[in-house]
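A short worksheet on the structure shown next.
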Amino acid sequence: MFMEITILRLGHRLPRDERISTHVALVARAFGASSFVYSGQIDHGLEESIERICESWGGSVNGSLFSVCYEKNPLSVIKKFKKSGFVILHLTMYGVSITSALEKIKISKEKEKLLIIVGSEKVPGEVYQLADYNISITNQPHSEVAALAIALDRIQEGKELSEKGFDFKGKIKIVPTEKGKKIVENQS
Ligand code: SAM
């Protein structure tokens, strides 16, 4: 469905969000996004830990580099992506259900490029206005990690769960087994 997906994580706070923002980036990569942009406080540790994962396990879904970068001004990032034709989805418990939003997105055939915004503590009102769709994964407060994983799964209609779905072109890969653990060096 969507060919190019970027995740924008707003308002990263140190040390509070170290772990959760890293998990947002890991989910982004594993579930089909090709880049991760974050705002708030610069965190070299976050960037390095994602780069280390990519070093061993590969870049993104199509084997291209998974990029991680910091941007000071998230509103200008959103405007820039909008200008270059990205559909802007903002994940918020106040939004409309992802099921109904995806119906509309399909009808209007906005398919190619997608920016998904996840918040932290307080999301500026302008984000709600700039977003093409404010989307909820239930209207209950929970986690940005869970919200992003479910959103990416619904958007890609479960493709990321298929064993043959994506080729990350890592140095190593897992051979799925019913019992035990099998990791091999990648030949492809
Ligand atoms: N009051 C926030 C809100 O607007 O959803 C909850 C803050 S939560 C700690 C941080 C982020 O997780 C939110 O900005 C949103 O991106 C995501 N999130 C949490 N619950 C969500 C839900 N039910 N649906 C969609 N996204 C959610």
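Structure values in brief
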item	result
The chain, helix-only ellipticity at 222 nm - DSSP H runs n ≥ 4, -39,500 (n - 2.57), divided by all residues, nearest 500	-10500 deg cm²/dmol
Rounded tilt (10° steps) of 144-155 against the dominant C-alpha axis of the chain	80
Average accessible area per residue (Å²) across the chain - probe 1.4 Å, nucleic acids and ligands excluded	56
The stretch 1-83 - charge dipole about Cα centre, Lys and Arg +1 at Cβ, Asp and Glu -1, debye rounded to 20	440
Highest to lowest packing among 67-77, 18-28, 88-98, scored as the average C-beta count within 10 Å	18-28, 88-98, 67-77
Karplus-derived 3J(HN,Hα), 6.51/-1.76/1.60, for each residue of the stretch 25-35, Hz, glycine and proline x	5, 5, 5, 3, 5, 5, 9, x, 7, 10, 7
Cα gyration tensor, the stretch 65-136 - rounded (a/c under 1.5), prolate or oblate	oblate
Label-reachable residues, the stretch 7-31, where backbone N falls under 19 Å from a point 7 Å from ASN73's Cα toward its Cβ	8-12
Placed amide H near VAL37: partners under 5 Å, 5+ positions off or other chain	ILE7, LEU8, ARG9, CYS69
Separation of the ASP167 and LEU65 label points, Cα + 7 Å toward Cβ, nm	2.1
Listed residues ILE105, LEU89, LEU115: farthest to the positive end of the dipole of the chain (Cβ charges)	ILE105
Percent carbon-and-sulfur accessible area, the chain, ignoring ligands, DNA and RNA, probe 1.4 Å	54
Cβ-placed point charges (K, R +1; D, E -1), dipole of the stretch 49-138 about Cα centre in debye, nearest 20	280
Relative contact order (%) - criterion: Cα under 8 Å, at least six apart; region: the stretch 4-162	29
Tensor-based shape of the stretch 50-188 (alpha-carbon gyration tensor, a/c under 1.5 rounded, otherwise prolate or oblate)	prolate
Cα-based helix-to-principal-axis angle, 44-57 vs the chain, degrees rounded to 10	40
Cβ charges +1 (Lys, Arg) and -1 (Asp, Glu), total dipole of the chain, debye	200
Spin-label pair ARG154/GLU185, simplified geometry with 7 Å Cα→Cβ offset, distance in nm	4.3
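The values are calculated or read from the model by the stated rules, or taken from the named source; none is laboratory data. These numbers come from a predicted model, not from an experiment. For neighbour counting, all protein chains shown are included, and Cβ atoms are generated from backbone atoms with ideal geometry for every residue, glycine included. SASA here: full protein model, heavy atoms, side chains in, ligands and nucleic acids out. Shrake-Rupley method; radii C 1.70, N 1.55, O 1.52, S 1.80 Å.
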